[in-house]
Amino acid sequence: MLKYLIKRIFWMIPLLIGISLISFFIMHLAPGDITTSEAGFNPKASEESRQKLLELYSLDKPVIVQYSLWIKRMATLDFGSSFASHQRPVFWQTRDKDGNITLGMIQEALPITLLINVLSLILIISVALPLGVISALNQNQPTDRGITLFVFIGFAIPGFWLALMLMYWTGVQHTWLPISGLQSIGHENMNWFGQIRDTLKHLVLPVFISGITGLAGISLFVRNGMLEVLHQDYITTARSKGLSEKRVIYGHALRNALLPLITIFGLSIPGLIGGSVIAESIFAIPGMGKLFYDAVLMRDFPVIMGILTIGAVLTLIGNLIADLAYAWADPRVRRGVVQ
């Protein structure tokens, strides 16, 4: 296992460089740059001012030179500063000569996205697993058909449309829930219980929208896994030994049916950090998804590359964790890895 781990980590380095190289060049193939947003809407902006902006951000250099400058900074975890007018650091906080600290844009947005997506993951696990098991145990019965219909509806409904409908129904028509941001006006004047209650009310819709599609997929995955496992010989053997049906289902069948989910949960790590562009943009939540969306509109290359690089690193780490966890959980895989 140690040899396998070292080999996988070694191969992550060229993969990361390749991903960053492709992302960098594709991003520069898109039309427009920072001058499109900063000078394009200013009627007094001259060609000379555009050229000065290009020189300021090193955009007048060849793309390969820009990439070499960026890769040198990335090696020290320095993703540079945003092209936007505030010039904030992209990744981590900085301290000026007067000792004032400026938070990095990713550092500020990350906790918000992490909170929303962890809550969504808890919702998915707590609802999808029971639905999948119940559906498998009642195969081809009305309960199974009802759950399957719910799953396919969850797959089919566009997330942005559902978000807009829920915003109108719960926030405009009935005013039950807030429809934007994470805090209401006057949040700082509330007591601690009121602040927690206010924040939780703001989180209901984003967490639900972020979790509904994942819930549908995981429940269907659990159902299919359970149906496959329930027809295995060792399940028949366990029942013939006189074990209770509850122990057969939850102690043998479900445990083995969940093994493939390790891969899915490992690959969900980037999603926990990357955020949902649709949900965060619609609900005006200042997380990683909205940060990425705004950066694309502004042609803010340092922010875009910072988020893409972090996503690539987390994808590689999540894939590695999933492989190692799968090998740890399944002795057959572990023996194959050792060989």
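The residue list 112, 124 contains one member that is open to solvent by less than 50 Å² (accessible area, probe 1.4 Å), more than 25 Å from residue 302 (Cα to Cα) and in contact (Cβ under 8 Å) with a residue 24 or more places away in the chain, which is 124. Evaluating residue 60 against the criteria (1) open to solvent by less than 60 Å² (accessible area, probe 1.4 Å); (2) more than 30 Å from residue 13 (Cβ to Cβ); (3) part of a loop (DSSP other than H, G, I, E, B); (4) at pLDDT 70 or above leaves one unmet condition, (1).
How do the helices (runs of 4 or more DSSP H) wholly within region 163-280 filter down when requiring 1 or more residues that are over 30 Å from residue 309 (Cα atoms), open to solvent by less than 30 Å² (accessible area, probe 1.4 Å) and in contact (Cβ under 8 Å) with a residue 24 or more places away in the chain: which remain?
Values: elements: 192-230, 233-240, 254-257, 261-267, 269-274.
Because the criterion is at least 1 residues that are over 30 Å from residue 309 (Cα atoms), open to solvent by less than 30 Å² (accessible area, probe 1.4 Å) and in contact (Cβ under 8 Å) with a residue 24 or more places away in the chain, the helices (runs of 4 or more DSSP H) in region 163-280 that meet it are 192-230, 254-257.
Scanning region 1-46 for residues that are open to solvent by less than 50 Å² (accessible area, probe 1.4 Å), within 21 Å of residue 303 (Cβ to Cβ) and modelled with pLDDT under 65 yields 37, 39, 40.
The values are calculated or read from the model by the stated rules, or taken from the named source; none is laboratory data. Predicted, not measured: the structure shown is a model, and the values here were computed from it. All Cβ positions, even for glycine, are placed from backbone atoms using ideal geometry, and neighbour counts span all protein chains on display. We work out accessible area using only protein heavy atoms, side chains counted, and drop any ligands, DNA or RNA first. Shrake-Rupley method; radii C 1.70, N 1.55, O 1.52, S 1.80 Å.
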